[in-house]
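What follows is a short report on a single structure.
The values are calculated or read from the model by the stated rules, or taken from the named source; none is laboratory data. Quantities reported herein were computed from a predicted structural model and do not represent experimental measurements. All Cβ positions, even for glycine, are placed from backbone atoms using ideal geometry, and neighbour counts span all protein chains on display.
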Amino acid sequence: MSSSASIQRVRMYLSEADRHEGQALYLVILDRLRRDGATGASALRGMAGFGPGQRVRFGTVGVEQQPPVIIEWIDRSERIARILPQIAELLPDALITLEDIQVYRAILRGRGPLTEDMTIGDLMVPARTVLRSDSARVALAHIVAGQRTVPIVNDDGSLCGTITSQDLAWRADMHVPAAVLSLLSAEEATALLAKLDNLGIEQVMNREPRSVMRSAALTQALITMTEWGLGEVPVIERNGQVVGQIVDTALLELATRPRDNDEQVRDAEPTIL
């Protein structure tokens, strides 16, 4: 492997009985690691063990059993430094270890333009939001100004929907593209938009908005945009509050920027006997 690549191993010691919002905690951790751009991790079920409480836990299946679970994650050190603090918030009482390791052979996520250790928050742009209590015309004003997707938020700033030109065409019977509204006369525009003043946001918005986490890897934004055919996606904090948007033009600019590729982890050289 490249001598300049720094690789570390993280181990998190849990119990199979640990839960987070009704789900097995080790599954929540694995999903969070995947979403935030980790190369890979495994949950290993222990045969038996005990912790500070001196209570022995067995790996055999039984109603009263709480088998130990170890999550092992090996990755580049800078990627671990970015992601681990977010994961640790879910494990306030768990033992977590971090160690430098020597790798004989590894296939880790490289440093391509969209797999480098930048987060969505590093590339997001400001987003103008609209309260769900406003009229549809308020959202249209942002679309006319060039924002393709308008996040709709509750009073506390949490995301509850989005509005695009397509939503207005489908649900507000507005078949004139927002881009040409500025070309209409005042009388034509007034007649066309009058009905939007009495049309609430909730009647028009998409109630199942797609969003990405601020701390997630850039590849998560690319996956979401590609899967749903979106050019802009709201960026949220873990509490659901909208903090910006990620746009396809920013991802495209980053993807076409020249990159050095001299720190790849590669197959080891053949052993000399």
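Is it fair to say ALA136 is modelled with pLDDT of 90 or more and of a type in the set (A, V, I, L, M)?
On the way: modelled with pLDDT of 90 or more: no; of a type in the set (A, V, I, L, M): yes.
In short, no.
Report, by residue number, each residue of segment 200-230 that is surrounded by fewer than 13 Cβ atoms within 10 Å (Cβ to Cβ) and within 17 Å of SER165 (Cβ to Cβ).
Once the filter is applied, which keeps residues that are surrounded by fewer than 13 Cβ atoms within 10 Å (Cβ to Cβ) and within 17 Å of SER165 (Cβ to Cβ), segment 200-230 yields GLN203, TRP228, GLY229.
Tell me which residues, restricted to segment 51-69, are modelled with pLDDT of 75 or more and out of contact with any Gly (no Cβ under 8 Å at 6 or more places or on another chain). Steps first, please.
If we filter segment 51-69 for residues that are modelled with pLDDT of 75 or more, which is where we start, we get 66-69.
Listed by number, the list holds a single entry, GLN66.
Can you tell me which residue among GLU116, GLU72 is closer than 27 Å to VAL212 by Cα, acidic (Asp, Glu) and at pLDDT 90 or above?
Being closer than 27 Å to VAL212 by Cα, acidic (Asp, Glu) and at pLDDT 90 or above holds for just one of GLU116, GLU72, which is GLU72.
Residues are listed down the side, and each one gets a yes or a no for (1) at pLDDT 90 or above; (2) in contact with an Asp or Glu (Cβ under 7 Å, 6 or more places away or on another chain); (3) at positive phi:
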{"site": "ALA178", "(1), (2), (3)": "no, no, no"}
{"site": "ALA186", "(1), (2), (3)": "no, no, no"}
{"site": "ARG210", "(1), (2), (3)": "yes, no, no"}
{"site": "ALA217", "(1), (2), (3)": "no, yes, no"}
{"site": "LEU222", "(1), (2), (3)": "no, no, no"}
{"site": "GLY231", "(1), (2), (3)": "yes, yes, no"}
{"site": "VAL242", "(1), (2), (3)": "yes, no, no"}
{"site": "THR249", "(1), (2), (3)": "yes, no, no"}
{"site": "LEU254", "(1), (2), (3)": "no, no, no"}
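If I ask for residues that are touching a residue at least 24 places away in the same chain (Cβ under 8 Å) and assigned to a helix (DSSP H, G or I), which ones from segment 192-221 would you list?
Passing the criteria: LEU193, LEU196, ASP197, ILE201, GLU202, GLN203, VAL204, LEU218, THR219, GLN220, ALA221.
Determine whether segment 42-50 contains at least one residue that is at pLDDT below 85, surrounded by 14 or more Cβ atoms within 10 Å (Cβ to Cβ) and not in a helix (DSSP H, G or I).
Looking through segment 42-50, at least one residue is at pLDDT below 85, surrounded by 14 or more Cβ atoms within 10 Å (Cβ to Cβ) and not in a helix (DSSP H, G or I).
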